[in-house]
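Undergrad: Sharing a structure here in structure tokens format.
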Amino acid sequence: MAEFEYRTKVLKEKISSIAYVTVGTGIGVGLVVNSLPVHGMMHPEGGHVSIVPLRGQHNDDTFDGYSWGSKCPFKGVNTVEGIASSVALTERLGNSSSSDEREGLKDLSDDHVTWDHASNALANLCVTLTLITSVEKIIFGGGVMNRTILYDKVRMKTKELLNGYLDLRQVNSDDGLKEYIGPSVWKESDGHGAGLVGSLVLAQCAYNEQKSQNRQKDFQPSFIFSNVKNVLSVTSLLLVGTLFGMAISKKR
């Protein structure tokens, strides 16, 4: 929500929807549609949607899913989080998913095949979000996305997977893809990540909503009509009193 508020109110972007994807130890998806956060029977769990794994001579994916998947949809096999989270990426390398081992991901070279699997999973998520929600922007944050080469890899893979089905600049041109899929306006490393700012913005939104409701309550039609009725009643009494007084004066 913070991302959306900043982009619409500060950057003056004319959008009413956005998806914010956090890629870290897990993968979370926040949605704003029609300028409101989506929360139906639960918050969105986009990190657990199924994906099509890489296929090819050297890229056939035989990874069985991450250790956290036993209680997850699809048992964590071929899901976005089961492929692209830092836990899954670390376990794919044959390491434990401890925080120390996850830190080792930063030592991988940009051309390591691990990033191909990660970008493919995230691109699958982008395609799903595009086709189902039609959001106007997809924003990525989280520690894994500090590997900046992922952005272009995700954009290109998204375009490939959509296969020209959508005749839209956002997914068919390089400039459009850069605008459509990109990083957060806040950098996680600057001490003011979107999580912290988002919490503050939600609190501000809740305050503003309550304030607006209170203001509307003060000017509800029933309140106005009730007061009009009272005014009319008083006016009627005054009129009757005046007429009565005039009648008495005439008799005198």
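Undergrad: Could you sort TRP186, TRP115 by accessible area so the largest value comes first, with the probe set to 1.4 Å?
TA: Highest to lowest solvent-accessible surface, that is TRP186, TRP115.
Undergrad: Another question about this same structure. Using only C-alpha atoms and all pairs of different ones, pull out the Kirkwood radius for the stretch 24-108 in Å with one decimal.
TA: Taking the inverse mean of 1/r over all distinct Cα pairs, the stretch 24-108 comes out at 14.1 Å.
Undergrad: Right, here's the next one. Ignoring any ligand, DNA or RNA, what whole percent of the accessible area of the stretch 1-122 comes from carbon and sulfur when the probe is 1.4 angstrom? Intermediate results must be reported in sequence, preceding the final value.
TA: Details: 3380 of 6380 Å².
Here carbon and sulfur together make up 53 percent of the probe-accessible area.
Undergrad: Still on this structure, please answer the following. ASP167 versus SER96, label points 7 Å from Cα toward the beta carbon: distance in nm?
TA: Between ASP167 and SER96, the simple spin-label model gives 5.7 nm.
Undergrad: What number results when the radius of gyration of the stretch 1-156, computed over Cα atoms, is divided by 2.2 N^0.38 Å? Numbers along the way, then the final one.
TA: Details: Rg = 15.8 Å, N = 156, 2.2 N^0.38 = 15.0 Å.
Dividing the Cα Rg of the stretch 1-156 by 2.2 N^0.38 Å gives 1.05.
Undergrad: Give the relative contact order (percent, whole number) for the stretch 99-171; include only Cα pairs under 8 Å separated by 6+ residues.
TA: Reported relative contact order: 42 percent.
Undergrad: Separate question: Give the shape of the stretch 67-156 as rounded, prolate or oblate, defined through the alpha-carbon gyration tensor: a ≥ b ≥ c are the square roots of its eigenvalues, a/c under 1.5 means rounded, and otherwise the shape is prolate if a/b is larger than b/c and oblate if not.
TA: Oblate is the answer for the stretch 67-156, as a/c is 1.5 or above yet b/c matches or exceeds a/b.
Undergrad: Please work out the C-alpha center-to-center distance from the stretch 1-61 to the stretch 100-155 and express it in whole Å.
TA: 12 Å
Undergrad: Treat each spin label as a single point 7 Å out from the Cα along the C-beta direction, and report the SER70 to ASN208 distance in nm.
TA: It is 4.5 nm.
The values are calculated or read from the model by the stated rules, or taken from the named source; none is laboratory data. The structure displayed is predicted, hence computed values, not measured ones. Every residue, glycine as well, gets a Cβ built from its backbone with ideal geometry; the counts of neighbours run over all protein chains shown. SASA here: full protein model, heavy atoms, side chains in, ligands and nucleic acids out. Shrake-Rupley method; radii C 1.70, N 1.55, O 1.52, S 1.80 Å.
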